[in-house]
Amino acid sequence: MSILSVEQLYKSFGDKVLFDHINFTIEPRERIGLIGVNGTGKSTLLKVIAGVESNEGGSIKHANDFRIEYLNQEPDLDGRLTVLEQVYQGESTIMRTMRQYEETLQLLEKNPQDAALQEKLLKAQQSMDEQEAWDANTAAKSILTKLGITDYTKKTAELSGGQKKRTAIARALIQPADLLILDEPTNHLDNETIEWLEGYLPQYEGALILVTHDRYFLNRITNRIYELDNGHLYTYEGNYEMYLEKKAEREALEMQNEQKHKNTLRRELEWLRRGAKARSTKQKARKQRVEEMKQATFDTGAQELDFQVGSQRLGKKVIELDAIGKSFTGTSYITDLSYLVVPGDRIGIIGPNGSGKTTLLNIMAGRMDPDNGSIETGPTVKIGYYTQDHSEMDESLRVVEYIKKTAEIVHTADGEVISAEQMLERFLFPRSQQWSYISRLSGGERRRLYLLRVLMEEPNVLLLDEPTNDLDTQTLGVLEEYLDQFPGVVITVSHDRYFLDRVVHRLIAFEGRNDIHFFYGNYTDYLEEAKSRQKPKEMAEKQTQAPRKKKKKLSYHEQKEWEGIEDKISVLEEGLETVKGEIEQAGSDFGKVQELYNRQEELEAGLEQAMERWEELSILVEEIDQQ
């Protein structure tokens, strides 16, 4: 039973068709990933579903009381509201109740002796009881805490970009909704927050549709993929990994069908050219069929990027940092940092938002001077700097004008000379689009154009500040392939775990204020090493904690739980065996297999939790027996 149905949806932008009468449905608790090359209309489709933008044709059907919560790519917050007012915004009864309770609680904390506020708080608590809002409020507080939001009284206009993103995410997760729409939710979030969000979303009660460039996130969250390509929508059951397999099969089939079509057309043309005898009406019909076959087109694969741009020769000396330091408004971000960048390096700079990552990149680029220490750059170094906000882009220029300001031609790694127009075509900007103004491009298309300009400078040291933001997964894949072949040095600030695993082999990790850790390996290796460093600290903390007093007896609820927990474990084990048998019987039914795998993971998690709880309770029972 679908909760939302889209039929014959049509929308265009100028002379470009974004949705060519597409159809799809969304089921309860479905987790949909929407992918496609930048500029195909992914964000527009989300806005149309959310009712933010209108469609030109077709219909979107759902129940009258259907609730949608939409997280825009760029947080849309009212700067006059406090964080609390923004997060608890909404006119549903439960949101009004929680908002009134939290506002009264904050006022009373400032004026604890105010009798009127005490009376108001009592009424607010009664309303919380009546609406059974305590669990929802506890969940809301947990979300806010996990997202690092602690100052509820601050105006949203005073927040940083990362804080605004967190506030917008908190609001989206807290609001009751049947469908949650997330457009690039991981942008501007650090890895720790992304991993928390990755763990939270599978528990979300409503359905979910999202656009994200984070392929690990996409793979772990989704159970269906929608691909938007040239106005058409293709649906794939399963997560991102299964999508890649199914898409390869679809493209192979398209190529096979195209070849069959060509063979049939060739035979038809040969028959006509031989002048085979037939009645004139049949001859006329056959000619008409040949003309129709000539017009037929096949989707034989997604567009591909190709930019084997060369680079200038790089000498032995690249960049050397010697005891550098940097502070802002009395706060130190980098202290006594020494580091040597050598030819062939692939370096990732990681850490929480605001820790100093971009500052270090700017110092390496020569855009910012350190307060102390020195930096030496080799004489052959030519830096290409891909900044996070591409603020240097003049949007009044046409696409081809912007590129030609850098170079009329470029030389590829194998010595081929390519014109600016040809490079734009390789970057998915056809000739018809090259004279469009940059202001008419989508956010992702602008990022792709900006990336092309940086690469056309033919640098030998690439500095990339959050290069994965707003780029589609296909462009990212080709960028990674390019970096594999790039003969120079790559230094990147990124929170994209897949990108870091794929590209870098050394890390500079900002782990705290003035605490910078150097690591050889990729991001996954670093996480394992960081966890192993954390375990001794946790053990030491446990040893210094005062021993717990033994529990005298089980509570009523614990006694009931103890009496039924072994039966619960048995039921979970039987359910797990049944699901495993069904998976074997499902064979090549990928949709059914994915559904069963999801069920298996739920049962395994439930069984593990039940076993842990059984162990806790058995220890308590043993302690009581020993008393």
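The values are calculated or read from the model by the stated rules, or taken from the named source; none is laboratory data. No experiment lies behind these values; they were computed from the predicted model shown. Positions of Cβ are backbone-derived with ideal geometry, glycine not excepted, and every protein chain shown enters the neighbour counts. Just the protein is used for accessible areas: all its heavy atoms, side chains included, with ligands, DNA and RNA removed. Shrake-Rupley method; radii C 1.70, N 1.55, O 1.52, S 1.80 Å.
Points worth noting:
- All told, GLY443 falls short of being at pLDDT below 85, among the small types (Gly, Ala, Ser) and open to solvent by less than 30 Å² (accessible area, probe 1.4 Å).
- Subset of region 350-389 (residues that are out of contact with any strand residue (DSSP E or B) (no Cβ under 7 Å at 6 or more places or on another chain), over 29 Å from LEU449 (Cβ atoms) and among the charged types (D, E, K, R)): ASP369
- Index of the failed condition, TYR243 passing every other in (1) in contact with a Leu (Cβ under 6 Å, 6 or more places away or on another chain); (2) buried (at least 21 other Cβ atoms within 10 Å of the Cβ): (1)
- So GLU622, is it modelled with pLDDT of 80 or more and open to solvent by 90 Å² or more (accessible area, probe 1.4 Å): no
- Scanning region 486-500 for residues that are in a helix (DSSP H, G or I) and open to solvent by 30 Å² or more (accessible area, probe 1.4 Å) gives a single hit, TYR498.
- The number of residues in region 451-471 that are open to solvent by less than 10 Å² (accessible area, probe 1.4 Å) and either assigned to a loop (DSSP other than H, G, I, E, B) or not hydrophobic (A, V, I, L, M, F, W, C) (or both) comes to 7.
- The lone exception for SER54 - which of (1) crowded, with 19+ Cβ neighbours inside 10 Å; (2) free of Cβ contacts under 8 Å to residues at least 60 places away in the same chain; (3) in a loop (DSSP other than H, G, I, E, B); (4) of a type in the set (Ser, Thr, Tyr) it fails: (1)
- Boolean, ALA276 is assigned to a helix (DSSP H, G or I), among the small types (Gly, Ala, Ser) and at pLDDT below 85: no
- Close pairs from region 365-392: first on the phi > 0 side of the Ramachandran plot, partner part of a loop (DSSP other than H, G, I, E, B) and hydroxyl-bearing (Ser, Thr, Tyr), Cβ under 7 Å, at least 6 apart: none
- Qualifying residue in region 506-524 (condition: at pLDDT 80 or above, part of a strand (DSSP E or B) and either open to solvent by 80 Å² or more (accessible area, probe 1.4 Å) or more than 19 Å from SER494 (Cα to Cα) (or both)): yes
- Verdict on SER436 being within 29 Å of THR380 (Cα to Cα), surrounded by fewer than 20 Cβ atoms within 10 Å (Cβ to Cβ), modelled with pLDDT of 85 or more and in contact with a strand residue (DSSP E or B) (Cβ under 9 Å, 6 or more places away or on another chain): no
- Residue satisfying all of: in region 340-367; assigned to a loop (DSSP other than H, G, I, E, B) and open to solvent by 50 Å² or more (accessible area, probe 1.4 Å); farthest from ASP484 (Cα to Cα) among these: GLY354
- In the set LEU554, LEU603, only one residue is of a type in the set (A, V, I, L, M), modelled with pLDDT of 80 or more and either closer than 28 Å to ARG224 by Cα or open to solvent by less than 90 Å² (accessible area, probe 1.4 Å) (or both); that residue is LEU603.
- Test: residue in region 113-127 that is under 16 Å from the mean Cα position of the chain (by Cα) and at pLDDT below 90: no
- Annotation: of all residues in region 415-472 being in contact with a His (Cβ under 8 Å, 6 or more places away or on another chain) and of a type in the set (Asp, Glu), the one that is nearest to ASN362 (Cα to Cα) is GLU466.
- Qualifying positions in region 93-134 - among the acidic types (Asp, Glu), surrounded by fewer than 17 Cβ atoms within 10 Å (Cβ to Cβ) and within 18 Å of THR153 (Cα to Cα): GLU109
- Matching residues in region 192-235 - criterion: being under 22 Å from THR468 (Cβ atoms) and aromatic (Phe, Trp, Tyr): TRP196, TYR200, TYR216, PHE217, TYR226
- Residue match in region 40-47 (condition: open to solvent by 20 Å² or more (accessible area, probe 1.4 Å), under 30 Å from ASN598 (Cα atoms) and touching a Ser or Thr at 6+ places or on another chain (Cβ under 6 Å)): no
- Of the residues making up region 141-194, just one is outside any helix (DSSP H, G or I), of a type in the set (Asp, Glu) and open to solvent by 60 Å² or more (accessible area, probe 1.4 Å), namely ASP151.
- Some residue of region 243-251 being at pLDDT below 75 and of a type in the set (D, E, K, R): yes
- Checklist (1) open to solvent by less than 80 Å² (accessible area, probe 1.4 Å); (2) in a strand (DSSP E or B) applied to ASP336, failing item: (1)
- Look at region 68-95: where a residue is outside any loop (DSSP other than H, G, I, E, B) and a partner is hydroxyl-bearing (Ser, Thr, Tyr) and buried (at least 20 other Cβ atoms within 10 Å of the Cβ), sitting 6+ places away or on another chain with Cβ atoms under 8 Å, you get THR82/THR156; VAL83/THR156; VAL83/THR167; GLN86/THR156; GLN86/THR167; VAL87/THR167; MET95/TYR88.
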